[in-house]
Every structure is written in structure tokens, then in C-alpha cells.
Amino acid sequence: MFAEFLQYLFTGITIGATYALIALGFTLIYNASHVINFAQGEFLMIGGMATVSLTAMGVPMVLAIILAVLLAGVLGILLQRFAIAPAKQADVVTLIIITIGASIFIRGLAQLVWGKEYHVMQNFSSDEPIRIFGAVLNSQSLWVLGIGAILVVGLVLFFTRTLIGKAILATSMNKEAARLVGIRTQLVLMLAFLVSAVLGSVAGVVVAPITFTSYDIGIMLGLKGFVAAAIGGLGSGIGAVVGGLLLGVVEAMAAGYISSDYKDAVAFSMILVVLFFMPRGLFGAKVVERV
Amino acid sequence: MLKTILRRTGKFAAIAAAGLVMSAQAAEPIKIGSFLSVTGPASFLGDPELKTLEMYVEKINEDGGVLGRPLELIHYDDVGNASNARNFASRLIRSDRVDIIVGGSTTGATMAAVPLVEQAQIPFVSLAGAVVITTPVKEWVFKTPQSDRMAAERILGDMKDRGITKIGLISGTGGFGSSGRTQTLEVAEQMGIEVLADETYSGSDTDMTAQLTNIRNTDGVEAVLNFGFGQGPAIVTRNYAQLGIDLPFYQSHGVASDSFLELAGDAAEGLRLPASPLLVPDSLPEDDPQKEVVQNYKAEYEARWNSKVSTFGAYAYDGLMLAVQAIEAAGSTDKEAVREALENIQGYVGVTGEFNLSPEDHNGLDADSFRILEVQNGEWKLIN
């Protein structure tokens with residue numbers, strides 16, 4: 001009984017950590033611009049696919065990962081510069097639609113460059129699963145959790161300890177006031193895209209050995225990440241992390257205890273229930289107070 | 001007012017006349033319509049299918065075409081979406097006015113087009129697997145892949161030979177997986193095999209450990225069967241190995257491809273599945289009538305596209321060849337004649353198997369056209 005529960009928990013937390021990282025990317029850009037960046041899933045795809053194709057070319061894994069994350073970062077900046085910035089006078093809905101367009105464009109490009117097949121990435125460390133109290137944990141899950149935790153802590157430090165981080169926060173609270181005190185809000189926006197692209201691509205790299213990767217992996221994972229962000233309360237960092245983990249665990253438990261048929265239904269009803277009783281999500285209220 | 005109408009009619013008549021004159025001059029091409037899932041989640045089906053169609057239409061035209069007329073391939077990409085498939089089928093019938101349709105990569109896409117095809121009375125050779133496409137027989141609908149029912153018969157038969165009578169089933173919720181599940185449950189009942197655990201997963205799932213844990217914890221399960229296609233079964237295979245389940249493991253023909261081996265890696269070792277002989281062309285015995293066809297198709301495809309051949313492309317090969325053979329037998333593109341000719345094709349040896357069609361059987365293959373393969377040392381090995 002306990003082994004079963006533990007198995008579902010491991011499964012849920014692993015995938016939940018990925019959702020959390022994607023949700024954090026959504027949160028970052030949402031905070032800086034109130035735009036929901038639907039190209040977030042594509043950053044994840046770029047991370048995984050670029051790493052796979054670079055290692056296939058003979059680049060050592062670590063270097064390949066760094067290059068892939070850099071590529072995603074550059075793409076994030078390009079996305080902001082050439083798609084979002086020119087339309088800065090447009091309202092938020094228009095910008096959101098632009099990001100949907102950008103995601104389709106990036107996906108199409110990836111399909112041309114890398115083809116349509118699924119690709120495998122090796123586990124970072126051993127392929128041997130770890131056994132704990134009768135449950136099995138993929139060693140890659142530890143990497144997902146560890147790197148996820150490091151990124152979250154890093155982000156917290158970034159926002160509370162660095163001037164740039166504080167500038168992003170300031171812009172999210174009041175754009176006009178931030179500009180008045182000398183913050184270059186366009187630059188901040190660019191930075192938000194960069195950081196969230198990096199987050200997304202790192203998530204894509206660490207999770208690729210578990211899920212495989214392909215040009216369209218970003219669609220569903222991106223959507224689930226968005227659901228996680230909405231459950232947690234758009235704009236809240238803690239909300240994104242909690243929402244992601246919660247979504248992952250609920251999914252796994254539903255698949256295990258109820259029926260795998262209803263797994264997604266349970267996950268998506270959860271968002272209904274949460275938003276019905278707490279329209280701003282689990283942790284959304286705080287942001288409202290700050291604004 | 002009257003003047004404009006007259007002028008328009010005049011213009012229209014002129015265009016129509018010009019069209020007639022032009023078509024009379026050159027040998028009018030035989031139009032082969034196709035809608036395939038070239039991109040999207042089922043692209044691993046549609047992509048090799050389109051490549052195969054393009055390649056053999058070219059080749060047939062170089063050799064002088066069919067009935068002295070060149071073939072013209074008109075194809076659309078339905079992106080794996082059934083409602084797109086329906087729209088494109090409608091376009092092929094109404095505006096492109098094709099003579100025959102060879103296409104429909106997925107069961108969903110095929111079934112969406114079936115009502116249109118039946119209504120328009122145009123021969124349609126589907127490239128999708130599920131048994132519902134040709135059972136019950138639909139007058140104008142044919143298909144080239146073996147049905148999932150045959151796959152289930154072949155798998156459960158092999159299990160019985162090994163003395164297995166209690167199994168766990170895990171299937172995808174997509175069209176292929178759910179149809180395979182239904183067929184497996186039916187066939188299992190007939191064969192006296194008990195399905196003790198019955199789990200599912202959706203196509204975009206990235207972890208099936210929870211479902212497999214349930215199967216593992218079910219008492220009495222002697223073997224596990226996974227019915228699905230795409231990357232899902234590869235993840236199931238990996239999770240299966242990670243959980244350390246050491247029961248015999250079966251996959252369906254939906255993943256019978258080399259790219260599945262690449263994805264699943266070492267985890268695939270020892271699993272069995274029913275597959276087209278295309279995966280083991282060189283292990284076929286010399287007297288196997290399919291050996292030559294299979295080897296030729298593989299060689300030609302790989303030389304032309306510089307990528308590995310797939311069994312799914314072979315469905316398109318057989319579909320096109322059946323269509324061509326029927327048109328030749330009918331001596332025209334008259335739709336009723338072609339339909340009848342298709343229905344009477346006997347002993348066509350294709351890549352997928354030997355086709356013996358009849359008015360009662362619009363598929364024409366039997367379960368033995370599947371070969372049971374086992375993964376040994378990362379390669380396919382012919383078992384029987």
C-alpha cells in the first residue's frame with residue numbers, strides 16, 4: 001500500500017517539478033508585462049532538442065546543455081525585441097496573441113531544422129533506478145528536483161538581492177513609477193524574457209531523458225505549466241511552484257487510485273475548483289495587495 | 001442586368017470550352033487524391049506515407065503511367081486532425097475531382113472522411129489500422145494495413161503458445177489504442193485469456209509508472225500487453241524496465257519501427273510484437289513470396305529519401321499499387337468499375353502481406369501476414 005502511494009508520489013513530484021519550472025517562466029513574464037507568454041513551452045522544446053542535436057554532433061553533454069540554454073536565451077530576447085517590443089502600444093490581449101503566433105512559428109522552424117521524430121537524451125547519471133521502500137525512483141528525477149530547487153532559490157535571491165531583480169519587481173508593480181525613477185522598462189522586459197527562456201530551456205533539458213523530446217513537446221507541457229501557474233495564482237512565484245507540484249501529484253494520484261482515464265479530467269477540474277473558490281489562485285491575493 | 005448575366009455566362013462558357021479543349025489535347029492525368037497526417041502527432045505515419053506516394057507516382061510516370069495516362073498526386077496535410085481530414089476529403093471530391101483517394105493516416109481521419117466518400121461514391125483506400133474501417137464492409141472503403149484485431153489475435157495466440165492465460169493490458173486513449181483495447185478484450189474472451197488489469201494513458205502523457213504499478217500489484221498477471229502508438233509505448237517500455245517488472249512484455253504493431261528501438265533503448269530487450277516483414281527483410285526465408293517486394297521497397301525508399309524505411313510507408317505503397325492495379329484491371333477510371341476491380345484483387349503480394357480481397361473483405365489480409373518479432377541485443381529477431 002505504502003509502496004504504491006510512494007510510487008505515485010515520486011511520479012507526481014517529478015513531473016510536477018517540471019510544471020513548476022514552466023509555470024515560473026509564465027509568472028516572470030506576466031509580472032513584468034502582464035503578458036501570458038504562450039511560447040513558454042517552445043523554450044522548453046528548444047532546450048531539449050538543441051541539446052540532443054548538439055550531442056549528436058559530438059559536442060560533450062555539459063557544453064551542449066550550456067549552448068542549448070544560451071540559444072533559448074537568445075531566442076527569448078529575439079522574441080521580445082522583434083515580436084513584443086514593436087507592438088508595445090498594443091493592449092495585453094494583442095501581445096498574448098502575438099506570443100501564440102511566435103510559438104507556432106518557432107515550432108514550425110524546429111520541425112524544419114530537427115524533423116518530426118522523437119529523440120532520446122541520455123540520463124545525466126546512471127540508468128539504474130533507485131529503490132526506496134519498494135517504490136522506484138528514476139535517477140533523473142533527482143536531477144529534475146535538484147536543479148528545480150536550485151533555480152527557485154536562485155530566482156528568489158535574484159529578485160531580493162540584486163538591483164536588476166528589484167528593477168523587474170518594480171516594473172511589475174508600477175511601470176510608470178519605475179520609469180520615473182530611471183528604470184529602463186523595455187530592458188527589464190527583455191530581461192524577463194531572457195530569464196524565463198533560460199528557465200524553460202533548463203526544464204526542457206532536465207526532463208528530456210524522462211519524457212523524450214520532439215518539436216511539439218512544448219504544446220502539452222506548456223499548457224500544463226500554464227494551468228499550474230493559474231492554480232497557484234498568476235504572478236506569484238510560490239504559487240507557480242506549489243501549483244506545479246500540486247498538479248503533478250494530483251495527476252499521478254488520480255491515475256493510480258481513480259482511473260488513468262480520468263487523470264487529465266481530474267487535473268483540469270482542479271483548476272475549476274480552485275478558481276471557483278479563489279478566483280486569483282492559491283497565492284494570487286498577495287499580488288493584488290502589492291499593486 | 002441581363003447584359004451582365006449574359007456576359008458572365010459567355011465568359012463562363014469560354015472558360016469551360018477552353019478547359020475541355022486543353023484536357024482533350026494532353027492525355028488527361030489520373031488524379032490520385034490523398035489526405036495524410038504529414039505533420040502533427042501522427043507525422044510518423046503521414047510523413048513516410050507521403051514520401052512513398054510521391055516517390056512511386058514519379059516512378060510510375062517515368063515508366064509511362066497507367067493506361068497511358070500519367071498519375072497526378074493531389075495531397076493535403078490534415079495535421080492528425082479528424083475535422084481537417086473531413087474538409088480535405090470534401091475538397092478532393094468536390095473541387096479537385098479526384099478519381100480515387102489513397103490516404104487517411106489515422107483511424108480518426110479515415111472515419112471522418114468515410115461518410116463523404118460513401119456519399120460521393122468514390123473508391124477510397126485507407127492507410128489506417130482499426131478494424132471498424134472495413135468491418136462492417138463499406139461499399140467504397142478499402143484499407144491496406146492489417147486490422148488491430150489481427151494484431152490482437154496474433155499476440156494472444158503467441159501468449160497462449162507460451163502458456164500464458166492471465167494478462168495485464170495498458171493502452172493509449174487515442175483511436176488506435178482504444179480500438180486495440182476493445183479488440184484485445186474481445187479476442188481474449190474468445191481465446192479464454194483473462195485480462196486482469198486494464199489501464200490507459202493519454203497520448204501526451206510523459207510518465208506511466210502509476211498505471212504500471214497498478215498492473216504489477218495485480219495478483220496473477222503473467223504477461224503485459226501495451227496497445228498504443230507514438231512515443232507513449234516507448235515511455236511505457238522504459239517505465240516497465242525501471243519498475244523491474246520481469247513478466248513477458250508485448251507491444252502492438254503500432255510501434256513496429258526502428259525508431260521505437262532507438263527511443264526505448266535497452267528497456268526494449270526481450271519484448272515481442274507483431275510486425276510487417278519489412279523490419280526483418282533479410283531474415284525471411286528464400287521461398288517467402290514477399291521477400292523480393294519487401295527488399296525492393298526498402299532499398300528504393302532508403303536510396304531516394306536517405307532515411308530509414310518504415311512499415312507505415314509500406315501501407316501507402318500497397319494502397320497505391322492496389323489502386324493502380326484496380327484502374328488497370330478496370331481499363332478506365334470509372335468509379336464503379338475501379339471499385340469492383342479493387343474488390344476482386346486476388347493474390348497481390350505487397351510489402352504488408354498477400355492481399356486477397358473480396359466483396360466481404362475489403363482488407364484482404366489474414367493474421368499470419370504479421371510476423372512475431374522479439375527484440376534481442378537491440379535488434380529485431382524473427383520468431384515466427
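The values are calculated or read from the model by the stated rules, or taken from the named source; none is laboratory data. Please read all numbers here as calculations on a predicted model, not as lab measurements. Glycine also receives a Cβ, built like all others from the backbone with ideal geometry; neighbour counts cover every protein chain displayed. The protein model used for the area step is the full one, side chains on, heavy atoms only, and it has no ligands, DNA or RNA in it. Shrake-Rupley method; radii C 1.70, N 1.55, O 1.52, S 1.80 Å.
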Notebook entry, point to check: Do the conditions hold for B:N61, that is, is it open to solvent by 30 Å² or more (accessible area, probe 1.4 Å) and within 27 Å of B:N296 (Cα to Cα)?
Noted result: yes
query = Would it be correct to say that A:I36 is in contact with a Ser or Thr (Cβ under 9 Å, 6 or more places away or on another chain), open to solvent by less than 20 Å² (accessible area, probe 1.4 Å) and either among the aromatic types (F, W, Y) or within 28 Å of A:N174 (Cβ to Cβ) (or both)?
reply = no
Among A:L272, A:L194, A:L234, A:L223, the single one that is free of Cβ contacts under 8 Å to residues at least 60 places away in the same chain and either touching a Cys at 6+ places or on another chain (Cβ under 9 Å) or open to solvent by 30 Å² or more (accessible area, probe 1.4 Å) (or both) is A:L272
Taking the stretch B:322-357 and keeping only residues that are surrounded by fewer than 16 Cβ atoms within 10 Å (Cβ to Cβ) and more than 19 Å from the chain's Cα centre (by Cα), one is left with B:E328, B:A329, B:G331, B:S332, B:D334, B:E336, B:E340, B:N344, B:Q346, B:G347
Across (1) in contact with a helix residue (DSSP H, G or I) (Cβ under 9 Å, 6 or more places away or on another chain); (2) assigned to a helix (DSSP H, G or I); (3) more than 14 Å from chain B (Cβ to nearest Cβ); (4) small (G, A, S), A:G154 clears everything bar (1)
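Yes/no matrix, rows are residues, columns are (1) without any contact (Cβ under 8 Å) to a residue 24 or more places away in the chain; (2) in contact with a His (Cβ under 7 Å, 6 or more places away or on another chain); (3) open to solvent by 60 Å² or more (accessible area, probe 1.4 Å):
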position	(1), (2), (3)
A:A68	no, no, no
A:R81	no, no, yes
A:A87	yes, no, no
A:L95	no, no, no
A:I98	yes, no, no
A:S103	no, no, no
Taking the stretch A:1-28 and the residues there that are among the β-branched types (V, I, T) and crowded, with 24+ Cβ neighbours inside 10 Å, the one that is nearest to A:S236 (Cα to Cα) would be A:T27
Filtering the stretch A:126-144 down to residues that are of a type in the set (A, V, I, L, M) and either more than 14 Å from every other protein chain (Cβ to nearest Cβ) or surrounded by fewer than 17 Cβ atoms within 10 Å (Cβ to Cβ) (or both) yields A:I130, A:I132, A:L142
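A quick yes/no check of all residues on (1) modelled with pLDDT of 90 or more; (2) surrounded by fewer than 22 Cβ atoms within 10 Å (Cβ to Cβ); (3) closer than 30 Å to B:K31 by Cβ; (4) under 17 Å from the mean Cα position of the chain (by Cα):
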position	(1), (2), (3), (4)
B:Q119	yes, yes, yes, no
B:S147	no, no, yes, yes
B:E153	yes, no, no, no
B:G168	yes, no, no, no
Restricting attention to the stretch B:114-125, the residues that are free of Cβ contacts under 8 Å to residues at least 60 places away in the same chain and within 20 Å of B:A316 (Cβ to Cβ) number exactly 3
Residues of the stretch B:281-321 being in a loop (DSSP other than H, G, I, E, B), among the polar types (S, T, N, Q) and surrounded by fewer than 16 Cβ atoms within 10 Å (Cβ to Cβ), in sequence order, are B:N306, B:S307
The one condition A:I36 fails out of (1) assigned to a helix (DSSP H, G or I); (2) out of contact with any Gly (no Cβ under 7 Å at 6 or more places or on another chain) is (1)
A:A90 meets each of (1) modelled with pLDDT of 90 or more; (2) not acidic (D, E); (3) not in a helix (DSSP H, G or I) with one exception, condition (1)
When every residue in the stretch B:208-237 that is of a type outside the set (F, W, Y) and modelled with pLDDT under 85 is compared, the one surrounded by the fewest Cβ atoms within 10 Å (Cβ to Cβ) is B:G230
Contact list, first residue from the stretch A:147-171 and under 18 Å from A:V188 (Cα atoms), second anywhere and among the polar types (S, T, N, Q) and open to solvent by less than 50 Å² (accessible area, probe 1.4 Å), beta-carbon distance below 9 Å, six or more apart or interchain, is A:A167/A:T185; A:I168/A:N31; A:L169/A:N31; A:T171/A:N31; A:T171/A:S33; A:T171/A:T185
By residue number, the members of the stretch A:250-268 that are surrounded by fewer than 20 Cβ atoms within 10 Å (Cβ to Cβ) and at pLDDT 85 or above are A:V250, A:M253, A:Y257
Picking from B:A82, B:A112, the residue that is farther than 29 Å from B:Y297 by Cα, open to solvent by less than 30 Å² (accessible area, probe 1.4 Å) and touching a Ser or Thr at 6+ places or on another chain (Cβ under 9 Å) would be B:A112
Restricted to the stretch A:164-190 and to residues being within 30 Å of A:V62 (Cα to Cα) and open to solvent by 30 Å² or more (accessible area, probe 1.4 Å), the residue farthest from the other protein chains (Cβ to nearest Cβ) is A:L187
Of those in the stretch A:200-220 that are β-branched (V, I, T) and open to solvent by 10 Å² or more (accessible area, probe 1.4 Å), the residue modelled with the highest pLDDT is A:V202
Conditions (1) of a type in the set (S, T, N, Q); (2) in a helix (DSSP H, G or I); (3) surrounded by fewer than 15 Cβ atoms within 10 Å (Cβ to Cβ) -> A:N31 fails only (3)
